[in-house]
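Student: Here's a structure for you.
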Amino acid sequence: MSSVPTKELTELENQIKKSYDSSSIIDKVCIAKEVSSYYKHGQFSQFANRLLIEKEHIIDPSHYLILGEIGTSVVRNEINCIVEDISKKCCSKEFEKIEYIDIVNGVFELSAKQYIPNHIFLPIDYFHKVHDWNKDRIDKIDFTKGSIFDQLYIDSFGAVKVTYSNKYVPFENIVITCKECNIWEYRPDPDTNKRLTVKFDWNEEDPENAILLVKTVFNFVPVQDGNLVLKTKNVSE
């Protein structure tokens, strides 16, 4: 087997890192806080995967690997964690049917507590409703911050960023969040000091495969009254 193909491995690692960096919403929804490996020892969670990658796919120039989806999958896990934890731990209200005014009232309820709501997680069923709610306020939408579907304009408050559920990140509750009320503690990668570790292990004794480690170690801490969950009565806990 040839020597370690450092350039090729670095390029593949960077695919995953760039995909993660471009799609992660942690810095938009949470205060990211770097902590030491000793802080809250034993209390952190992790998303981790070790994948066997055939060395031939890496060193043969006729093969072309696309690994960015691995970074995106970590982002999906993060969103699932945020929505699920807030839905379980934070204040909630129940409705027969959730309308625009209920979301507006939720935003102002948090604002009245001196918090700043800046993100809403919406089930995909609300995708076209957001368009309808926004169209009467089209002159107030800042399209440099996204499309008419990417934000919800609330009169006398402003636009709030929207993230929808999908088949990879399914949820049924509406979750209104305030960035300052969600702390994402993470143990940094020792080499890059970033949240995500992406590293190939090129074992010379294994002629067939290299091991790819993708990992992030974290502890999500939401403030109970700084987020609000809106539920319909047919949605289970």
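The values are calculated or read from the model by the stated rules, or taken from the named source; none is laboratory data. Note that the structure is a prediction, hence the values are computed from the model and not measured. Every residue, glycine among them, receives a Cβ derived from its backbone with ideal geometry; neighbour counts consider all protein chains shown. Calculation scope for accessible area: heavy atoms of the full protein, side chains included, ligands and nucleic acids excluded. Shrake-Rupley method; radii C 1.70, N 1.55, O 1.52, S 1.80 Å.
Student: Checking Asn105 against (1) open to solvent by 20 Å² or more (accessible area, probe 1.4 Å); (2) in contact with a strand residue (DSSP E or B) (Cβ under 8 Å, 6 or more places away or on another chain); (3) not assigned by the TED database to the domain that holds Lys18, which test does it fail?
Tutor: The single condition Asn105 does not satisfy is (2).
Student: Consider Ile120 carefully, then state whether it is open to solvent by less than 40 Å² (accessible area, probe 1.4 Å) and either of a type in the set (Val, Ile, Thr) or in contact with a His (Cβ under 9 Å, 6 or more places away or on another chain) (or both).
Tutor: On the way: open to solvent by less than 40 Å² (accessible area, probe 1.4 Å): yes; either of a type in the set (Val, Ile, Thr) or in contact with a His (Cβ under 9 Å, 6 or more places away or on another chain) (or both): yes.
Against the criterion (open to solvent by less than 40 Å² (accessible area, probe 1.4 Å) and either of a type in the set (Val, Ile, Thr) or in contact with a His (Cβ under 9 Å, 6 or more places away or on another chain) (or both)), Ile120 qualifies.
Student: Here's something else I'd like to know. Which condition from (1) in a strand (DSSP E or B); (2) open to solvent by less than 80 Å² (accessible area, probe 1.4 Å) is the one that Lys199 breaks?
Tutor: For Lys199, the failing item is (2).
Student: May I pose another question? Just to be sure, is Val169 in a loop (DSSP other than H, G, I, E, B), within 17 Å of the chain's Cα centre (by Cα) and of a type in the set (A, V, I, L, M)?
Tutor: On the way: in a loop (DSSP other than H, G, I, E, B): yes; within 17 Å of the chain's Cα centre (by Cα): yes; of a type in the set (A, V, I, L, M): yes.
Criteria met by Val169.
Student: Then there's this: The conditions are (1) within 20 Å of Ser22 (Cβ to Cβ); (2) touching a strand residue (DSSP E or B) at 6+ places or on another chain (Cβ under 7 Å), and Lys194 fails exactly one of them. Which is it?
Tutor: (2)
Student: A follow-up question, please. Name, by its number, the condition in (1) more than 18 Å from Asp201 (Cα to Cα); (2) assigned to a loop (DSSP other than H, G, I, E, B); (3) of a type in the set (Ser, Thr, Tyr) that does not hold for Ser3.
Tutor: (1)
Student: Test of understanding: among Asp132, Asp191, which residue is open to solvent by 60 Å² or more (accessible area, probe 1.4 Å) and not in a loop (DSSP other than H, G, I, E, B)?
Tutor: On the way: Asp191 fails: not in a loop (DSSP other than H, G, I, E, B).
After applying the criteria, what remains is Asp132.
Student: Looking for something under 23 Å from Ile70 (Cα atoms), open to solvent by less than 30 Å² (accessible area, probe 1.4 Å) and hydrophobic (A, V, I, L, M, F, W, C) - is there at least one such residue anywhere in segment 144-156? Let's see the steps before the verdict.
Tutor: The initial filter retains those residues of segment 144-156 that are under 23 Å from Ile70 (Cα atoms), namely none.
Within segment 144-156 (the criterion being under 23 Å from Ile70 (Cα atoms), open to solvent by less than 30 Å² (accessible area, probe 1.4 Å) and hydrophobic (A, V, I, L, M, F, W, C)), the answer is no, since none of the residues qualifies.
Student: Which members of segment 57-72 meet the condition of being in contact (Cβ under 8 Å) with a residue 40 or more places away in the chain and open to solvent by 20 Å² or more (accessible area, probe 1.4 Å)? Please lay out each step first, then the result.
Tutor: The initial filter retains those residues of segment 57-72 that are in contact (Cβ under 8 Å) with a residue 40 or more places away in the chain, namely 58-59, 65-72.
Listed by number, the residues that qualify are Ile59, Leu65, Ile66, Glu69, Ile70, Thr72.
Student: Taking interchain pairs and intrachain pairs at least six residues apart, which have beta carbon atoms under 6 angstrom, with the first residue in segment 190-205 and under 23 Å from Glu54 (Cα atoms) and the second part of a loop (DSSP other than H, G, I, E, B)?
Tutor: Filtered contacts from segment 190-205: Thr197/Asp189; Trp202/Val4.
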